[in-house]
1. Scan the stretch 302-323 and tell me whether some residue there is assigned to a helix (DSSP H, G or I), within 22 Å of residue 486 (Cβ to Cβ) and either modelled with pLDDT of 95 or more or not assigned by TED's automatic domain parsing to the domain that holds residue 242 (or both).
2. Out of 409, 368, 364, I need the residue that is farther than 25 Å from residue 294 by Cβ and at pLDDT below 95. Which one?
3. Select from the stretch 327-347 the residues that are closer than 16 Å to residue 144 by Cα and in contact with a strand residue (DSSP E or B) (Cβ under 6 Å, 6 or more places away or on another chain) and write down the one among them that is surrounded by the fewest Cβ atoms within 10 Å (Cβ to Cβ).
4. Could you check the stretch 100-116 and list, in sequence order, the residues that are buried (at least 23 other Cβ atoms within 10 Å of the Cβ) and either part of a helix (DSSP H, G or I) or under 29 Å from the mean Cα position of the chain (by Cα) (or both)?
5. Confirm whether residue 336 is assigned to a strand (DSSP E or B), at pLDDT 95 or above and under 26 Å from residue 295 (Cα atoms).
6. Check the stretch 361-371 and report whether any residue there is within 20 Å of the chain's Cα centre (by Cα), without any contact (Cβ under 8 Å) to a residue 60 or more places away in the chain, surrounded by fewer than 23 Cβ atoms within 10 Å (Cβ to Cβ) and not in a strand (DSSP E or B).
7. Got a sec? Which strands (runs of 3 or more DSSP E) wholly within the stretch 377-451 have at least 3 residues that are buried (at least 18 other Cβ atoms within 10 Å of the Cβ) and either without any contact (Cβ under 8 Å) to a residue 40 or more places away in the chain or in contact with a strand residue (DSSP E or B) (Cβ under 7 Å, 6 or more places away or on another chain) (or both)?
8. Could you list, in sequence order, the residues of the stretch 224-271 that are assigned to a loop (DSSP other than H, G, I, E, B), out of contact with any strand residue (DSSP E or B) (no Cβ under 8 Å at 6 or more places or on another chain) and without any contact (Cβ under 8 Å) to a residue 60 or more places away in the chain?
């Protein structure tokens, strides 16, 4: 559909058709919602300046101050509302604090309003409503609107957990006694999150009291009684876990089969159980989005950051996708929300991905054969968490290497092609190795690491299934999904120990590079990148020594 002469292209809205997709018809003639984000009243101050200050010196904005000073101008909201009226679109809701207006309409009305041509696309794995090319807006909105999401509902993000493949096959092999015995011998023993915290010397005597950890989920659910059973089984006081409710949010909807690949319950339970075991005194609030689209991902992140009721100080994100599969408007909008989080003293942790340096599965028809990094981990305003594999004996780590189980199966990491090199990484020795495509030194991923290999994974209870009961269980779970909540729990302890949120902590962490605050990982690779002394694109600065890190932050 061609744009009207009075319409202009929305910068960064270009969508490409995936290589594996084909048009199979018109978009279904049913109503759906679209989220329009608008500019701030005034630009946010640079987060870099505040990040240079010690945590106790920082002055954070309250959510009310953020909304008042950097929310949307009501006049801009009114322009979008008038645009909706002019195009027979219904306004579902608007929120100046979150700078958004949600509109409802049919494909035909959205086609006319935004100059798009919505179709139904089919890939080998799913069918979706989509578009190609750009979104167009009236001239009076071209400087007002910053993003439009929801026209295209292809999934963007996926959970970043892994179950040991051989062990998973063993668990599914049968239920007879002989098969049970065989499975038991093939399943690695795994660790409880408390054991991992002890191995990483997390500070004793702290529980995360006074902190709220937000856990972002794009599907799945949890059962409170199952959580109570799990924490009792590992000897940890059960934390306060609730599911948030917010406009446009999803629901806590647990399934029945933990090993069903389409069931993300394992992700949800892994996140809660790891963060909760590390910081049982923290309040844990789980925010569910209705699906894994860019619209939902933005919406739930916006809701978390601006939640004036629960007021989380830490966010754990174990979902993501290759950074160049999303649009520029989506990445920039999400990064802008992360900058708002930094102004409010919120630390955001994100998993670096589980497909090695490719960030695509080996059998993914859309993979171009090149190296990629995962988003949102590639944002410079997030703490990107990579993965290791540990060997432990006598309550100590005897060996720690990069987690890499083979091609396209291991910790993500690399060099962004979308975000420039942040100041805090300029002395980290980041360069683009000889991989295709080559490019300049930009934002390096990850920042930090932690145990993520399924072979040294985490014991999890999910959908009535647990390990070590091999007759009715799931193997220990790994993936960088485990590292984001591990660091989120540690940050809750650090915040409690420091008496103030660390907020955007990357600057401080890079100032501690090469010190005893980190276990430097120098062995292994994730495909295209090799571990080395200092920062590397597999494990970042390394895994934590929690007590040393707390003391080092106090001394900065």
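1. Initially, the stretch 302-323 is screened for residues assigned to a helix (DSSP H, G or I), giving 302-305, 323.
Restricting the remaining residues to those that are within 22 Å of residue 486 (Cβ to Cβ) gives 304-305.
Still in the list and also either modelled with pLDDT of 95 or more or not assigned by TED's automatic domain parsing to the domain that holds residue 242 (or both): 304-305.
Yes; the residues of the stretch 302-323 include at least one that is assigned to a helix (DSSP H, G or I), within 22 Å of residue 486 (Cβ to Cβ) and either modelled with pLDDT of 95 or more or not assigned by TED's automatic domain parsing to the domain that holds residue 242 (or both).
2. Working: 368 fails: farther than 25 Å from residue 294 by Cβ; 364 fails: farther than 25 Å from residue 294 by Cβ.
After ruling out the rest, the residue left standing is 409.
3. 329
4. First, pick out the residues of the stretch 100-116 that are buried (at least 23 other Cβ atoms within 10 Å of the Cβ): 100-101, 103, 110, 113-114, 116.
If the condition is that a residue be buried (at least 23 other Cβ atoms within 10 Å of the Cβ) and either part of a helix (DSSP H, G or I) or under 29 Å from the mean Cα position of the chain (by Cα) (or both), then 100, 101, 103, 110, 113, 114 are the ones that fit.
5. Numbers: assigned to a strand (DSSP E or B): no; at pLDDT 95 or above: yes; under 26 Å from residue 295 (Cα atoms): yes.
Judged against the criteria, residue 336 is not a match.
6. Applying the first criterion (within 20 Å of the chain's Cα centre (by Cα)) to the stretch 361-371 yields 361, 371.
Those still in the list that are without any contact (Cβ under 8 Å) to a residue 60 or more places away in the chain too: 361.
This time we only want the ones that are surrounded by fewer than 23 Cβ atoms within 10 Å (Cβ to Cβ), so: 361.
Imposing the further condition that a residue be not in a strand (DSSP E or B) reduces the set to 361.
Yes.
7. Values: elements: 383-393, 396-402, 404-406, 448-451.
The qualifying strands (runs of 3 or more DSSP E) are 383-393, 396-402, 448-451.
8. 235, 236, 237, 238, 245, 260, 261, 262
The values are calculated or read from the model by the stated rules, or taken from the named source; none is laboratory data. Since the model is a prediction, treat every value here as computed from it, not as a measurement. So basically every Cβ, Gly included, is an ideal-geometry build from the backbone, and we count neighbours across all protein chains shown.
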